[in-house]
1. Within segment 254-277, is there a residue that is in contact with a helix residue (DSSP H, G or I) (Cβ under 6 Å, 6 or more places away or on another chain), at pLDDT below 90 and more than 26 Å from Ile121 (Cβ to Cβ)?
2. Do the conditions hold for Thr110, that is, is it touching a residue at least 12 places away in the same chain (Cβ under 8 Å), of a type in the set (S, T, N, Q) and in contact with a Phe, Trp or Tyr (Cβ under 8 Å, 6 or more places away or on another chain)?
3. Out of curiosity, is Asn211 over 21 Å from the mean Cα position of the chain (by Cα) and either more than 30 Å from Tyr41 (Cα to Cα) or of a type in the set (Val, Ile, Thr) (or both)?
4. Can you work out which of the residues in segment 199-223 that are of a type outside the set (Lys, Arg) and either in a loop (DSSP other than H, G, I, E, B) or not assigned by TED's automatic domain parsing to the domain that holds Phe151 (or both) is nearest to Ala89 (Cα to Cα)?
5. Which residues, taken from segment 32-57, are modelled with pLDDT of 90 or more, more than 22 Å from Thr217 (Cβ to Cβ) and in a helix (DSSP H, G or I)?
6. Does segment 79-99 include one or more residues that are surrounded by 21 or more Cβ atoms within 10 Å (Cβ to Cβ), at pLDDT 90 or above and closer than 15 Å to Leu262 by Cβ?
7. Considering only residues of segment 206-227 that are of a type outside the set (S, T, N, Q) and touching a Leu at 6+ places or on another chain (Cβ under 7 Å), which is surrounded by the fewest Cβ atoms within 10 Å (Cβ to Cβ)?
8. Please enumerate the residues belonging to segment 49-100 that are among the hydroxyl-bearing types (Ser, Thr, Tyr) and under 19 Å from His150 (Cα atoms).
Amino acid sequence: MKSVYPNYSKTPASILEDPKILKGIAKHCPLSYRKFFGKKYILPHYREKDYFPLDFQNLVSFDRLLSFALQPERTDDVIRCTVANTLAALEYDRPTLYLERELGEALLRTQILADISSGDINWRWPAFKVVLPKELISVEREDGTRTLTHFDVCHIGPGTRITASPELAREIEKFIKAFLPQAQIYDITRFDFLYKDPGIIVATALDRPDNAAYGQTVYSTVKPWGDIRLGDYQAVTGNLATPFAQDDIDRGLLNRLEHIVLNVLLFLSSAPLEYAPHHVLRKARLEGKHLIPGLLAARFVGQSQLRPERGPVKTVSAPTGRTIAGHWVCGAWRRVAYGPKASLRRLQWIEPYRTHDAEEKEEEEKEA
């Protein structure tokens with residue numbers, strides 16, 4: 001479902017435009033500051049232009065907690081989902097992965113295994129963020145293109161309670177009182193996101209809002225997980241209470257988002273559960289009262305399944321004798337047998353590959 005986050009210049013709750021915002025957060029909320037802003041990810045040079053910086057999203061996530069503490073009654077279900085993902089990120093020290101453009105395009109073309117159960121997918125973390133390459137999932141409106149910047153995933157229920165810690169609540173209250181001393185502050189430890197059955201929350205946002213009057217357009221869904229078939233999962237609407245109507249463009253965007261989320265979960269689950277820790281280039285440290293963020297090598301979704309590079313493909317004719325133009329074959333999921341007497345089954349990702357290339361064939365004919 002769709003919602004919006006108010007324009008910062010139009011809400012007294014927000015102070016993001018203050019140039020001293022980070023210093024204020026560091027002073028009044030040292031624990032939150034380290035969790036929100038204490039890591040920076042270093043990308044390979046050839047991938048740097050593929051992604052939006054995380055700084056803005058980190059500021060917005062912190063600001064949402066401020067807004068909820070000031071005006072909880074204005075928080076609809078979609079925004080509650082984004083707040084829940086933020087709190088889960090803080091609780092579980094959520095990892096961040098970058099989705100490679102070529103892998104993302106392949107996963108969008110790959111059909112979902114609708115007949116397998118969600119219980120067959122192994123969760124590596126209770127919550128994680130995936131940074132999407134620019135324009136991988138976009139919408140076209142009259143005034144231009146908008147693209148999803150990321151998606152957050154959080155596993156919930158049964159009985160799992162997502163709420164703010166007392167330490168976080170005290171920092172938020174202290175921060176608000178420093179800038180808005182007369183404000184009425186809601187105790188954010190009373191924020192409670194309960195889901196009676198196993199489920200997942202998916203939240204995302206556009207790089208720029210649908211309407212200039214708002215600061216950000218966000219989307220969220222909550223759906224059952226547990227032992228549900230993926231085909232049935234996709235059939236659940238996941239409708240949430242929000243005053244903002246969605247149109248066919250929004251629904252198409254959410255369908256593509258769900259497609260990539262499920263295939264990323266399948267992709268991560270199809271490799272062994274062991275996962276290499278972050279490569280820390282520089283540890284976070286304090287110099288006086290100034291936090292020097294830690295530097296980490298960006299971790300990519302595709303690194304969970306490293307394979308040797310394919311060799312050059314020879315140009316051959318199809319068995320029918322026809323000459324087929326070179327093209328890409330989509331990736332696919334296969335069930336493969338393994339274990340004692342091949343009695344066990346696991347999912348195997350078959351990578352996209354390029355067929356024989358017509359141009360290569362022409363070059364070989366010229367050389368002959």
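The values are calculated or read from the model by the stated rules, or taken from the named source; none is laboratory data. Computed from a predicted model, the values in this text were never measured in an experiment. In this analysis, Cβ positions are derived from the backbone assuming ideal geometry, glycine residues included, and neighbour counts consider all displayed protein chains.
1. No, because not a single residue in segment 254-277 is in contact with a helix residue (DSSP H, G or I) (Cβ under 6 Å, 6 or more places away or on another chain), at pLDDT below 90 and more than 26 Å from Ile121 (Cβ to Cβ).
2. Working: touching a residue at least 12 places away in the same chain (Cβ under 8 Å): yes; of a type in the set (S, T, N, Q): yes; in contact with a Phe, Trp or Tyr (Cβ under 8 Å, 6 or more places away or on another chain): yes.
The answer is yes for Thr110.
3. Working: over 21 Å from the mean Cα position of the chain (by Cα): yes; either more than 30 Å from Tyr41 (Cα to Cα) or of a type in the set (Val, Ile, Thr) (or both): yes.
Judged against the criteria, Asn211 is a match.
4. Keep residues of segment 199-223 that are of a type outside the set (Lys, Arg), which gives 199-207, 209-222.
If we keep only those that are either in a loop (DSSP other than H, G, I, E, B) or not assigned by TED's automatic domain parsing to the domain that holds Phe151 (or both) too, we end up with 207, 209-213.
Working: Asp207: 21, Pro209: 24, Asp210: 27, Asn211: 28, Ala212: 29, Ala213: 29 Å.
Out of the qualifying residues, it is Asp207.
5. Answer for segment 32-57, where residues must be modelled with pLDDT of 90 or more, more than 22 Å from Thr217 (Cβ to Cβ) and in a helix (DSSP H, G or I): His45, Tyr46, Arg47, Glu48, Lys49.
6. Yes, that holds for at least one residue.
7. Leu206
8. Within segment 49-100, the first condition is being among the hydroxyl-bearing types (Ser, Thr, Tyr), and the residues that meet it are 51, 61, 67, 75, 82, 86, 92, 96, 98.
Matches in segment 49-100: Tyr51, Ser61, Thr82, Thr86, Tyr92, Thr96, Tyr98.
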